[in-house]
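The values are calculated or read from the model by the stated rules, or taken from the named source; none is laboratory data. Only a predicted model underlies this, so the values are computations on that prediction, with no experimental measurement involved. In this analysis, Cβ positions are derived from the backbone assuming ideal geometry, glycine residues included, and neighbour counts consider all displayed protein chains.
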Amino acid sequence: MITKRNTNWNLLAKKLAGETGADEEAGLEVWLGKSAANSALFEEIKSDWKKMEKMDKQFNVDRAWGKLNSRIMEQEGKAGTGAVMYQRTWMTPVRLAASFLLIAILGASAVWTTYKLRTVTVSTASNDRVRGVDLPDGSVVYLNADSKITYSRDFNRKNRTVSLAGEAFFEVAPDKSHPFVIHADKADIRVVGTSFNVRATAADHNVEVYVATGVVELFPAGQAEGLITLRPGDIGLVAEQKVSSRKSRNANPIAWKTGEMDFRDTRLSDAIAVLNGLYKVNIVCNEPGLDTTLTNGTYRYPDESLEQILTILCTQNNMKARNENNTIYLSR
């Protein structure tokens with residue numbers, strides 16, 4: 001339930017009105033990071049606020065405040081106590097934002113019903129690194145940059161199903177009676193309790209799964225007959241409705257989460273892929289055959305800079321690096 005105990009409506013309203021200071025922005029970030037529900041609520045309110053900005057109707061602000069207070073009191077069994085839940089001492093711009101916010105929250109029907117029926121969506125921006133999401137069953141999902149996870153508010157009551165766009169590392173809480181299912185583009189993943197990485201790239205619709213612990217079942221979306229079983233160290237791939245697997249020699253598929261890079265006898269193209277993901281750059285091999293060159297070394301992000309790593313790689317393989325138009329070209 002949304003109450004004053006866990007939601008600072010004053011701060012949300014000031015954010016909508018553009019009147020938050022540095023300390024308030026920091027406080028808002030802390031509140032958003034506490035739970036997926038907080039982030040989902042804020043995104044929902046922002047969406048409604050944008051819609052309200054386009055409307056020219058006049059609302060009775062005091063009636064809205066009274067309606068919200070009565071609704072919350074009723075939900076908490078405190079109707080008629082006369083308790084005052086929210087201060088109304090903002091300057092005009094902030095109070096105006098809060099008024100629209102309240103109308104968006106209250107809506108034409110009971111928000112307490114519609115809110116519970118909706119899904120929860122947590123997303124990360126392209127410049128984010130790792131964001132942890134705690135699920136109701138005790139599982140934890142770590143989202144990579146530019147990724148999104150969606151699940152029902154009824155999650156863990158009848159089933160444990162989530163949808164993923166982008167990349168995430170899952171630490172699934174064991175529950176044999178309720179398998180954990182992930183819908184990721186054109187693939188489905190099913191587990192009971194384990195840890196693994198899923199990457200669903202929008203560009204080519206391929207889905208890659210790397211298993212760290214436990215056992216994972218991977219199959220094309222809706223085609224359980226094509227199921228394969230993956231174990232620790234396995235990499236599964238779904239491409240063009242076909243499933244394949246191979247062994248991984250290192251844990252580089254989850255370097256984006258751990259920061260650990262293991263480039264022992266690693267193809268340069270594979271090392272570049274890891275560096276591009278961690279440092280948000282675009283490194284390319286500028287000569288044919290250079291990408292198959294084997295390189296060696298272990299590194300840690302962000303302790304070692306991209307420049308340091310490239311210097312070592314270039315020295316090892318007799319290469320040079322040239323930065324042009326936000327692209328780093330490697331050549332002999």
Report summary line: For region 140-155 the number of residues that are more than 14 Å from the chain's Cα centre (by Cα) and either within 19 Å of Glu43 (Cβ to Cβ) or surrounded by 18 or more Cβ atoms within 10 Å (Cβ to Cβ) (or both) is 3
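Would region 231-243 turn up any residue that is of a type in the set (Asp, Glu) and under 25 Å from the mean Cα position of the chain (by Cα)? Please lay out each step first, then the result.
If we filter region 231-243 for residues that are of a type in the set (Asp, Glu), which is where we start, we get 234, 240.
Within this subset, residues satisfying the condition of being under 25 Å from the mean Cα position of the chain (by Cα) are 234.
There is at least one residue in region 231-243 that is of a type in the set (Asp, Glu) and under 25 Å from the mean Cα position of the chain (by Cα).
Specify which of the listed residues (Val243, Val238) is in contact with a Ser or Thr (Cβ under 9 Å, 6 or more places away or on another chain) and in the same structural domain as Lys148 (by TED's automatic domain parsing).
After applying the criteria, what remains is Val238.
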Query raised in the report: If you take the residues in region 194-214 that are assigned to a strand (DSSP E or B) and of a type in the set (D, E, K, R), which one is farthest from Leu164 (Cα to Cα)?
Result: Glu208
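Here are some residues: Ala224, Ala203. Which one is modelled with pLDDT under 95, in the same structural domain as Asn144 (by TED's automatic domain parsing), over 25 Å from Asp291 (Cβ atoms) and not charged (D, E, K, R)? Reasoning before the result, please.
Details: Ala203 fails: over 25 Å from Asp291 (Cβ atoms).
Testing whether each residue is modelled with pLDDT under 95, in the same structural domain as Asn144 (by TED's automatic domain parsing), over 25 Å from Asp291 (Cβ atoms) and not charged (D, E, K, R) leaves just Ala224.
Within region 215-332, which helices (runs of 4 or more DSSP H) (wholly inside it) include 1 or more residues that are touching a residue at least 60 places away in the same chain (Cβ under 8 Å) and acidic (Asp, Glu)?
Values: elements: 255-258, 268-279, 306-317.
Helices (runs of 4 or more DSSP H) meeting the threshold: none at all.
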Report summary line: Scanning region 282-310 for residues that are at pLDDT 95 or above and among the β-branched types (Val, Ile, Thr), the one nearest to Asp128 (Cα to Cα) turns out to be Ile283
Query raised in the report: Within region 142-193, which residues are β-branched (Val, Ile, Thr) and either outside any loop (DSSP other than H, G, I, E, B) or touching a residue at least 24 places away in the same chain (Cβ under 8 Å) (or both)?
Result: Ile149, Thr150, Thr161, Val162, Val172, Val181, Ile182, Ile189, Val191
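Only one residue in Glu25, Glu29, Glu19 is modelled with pLDDT of 70 or more, exposed (fewer than 15 other Cβ atoms within 10 Å of the Cβ) and in a loop (DSSP other than H, G, I, E, B), so which one is that? Give the derivation first.
Values: Glu25 fails: in a loop (DSSP other than H, G, I, E, B); Glu29 fails: in a loop (DSSP other than H, G, I, E, B).
Criteria check complete, one pass: Glu19.
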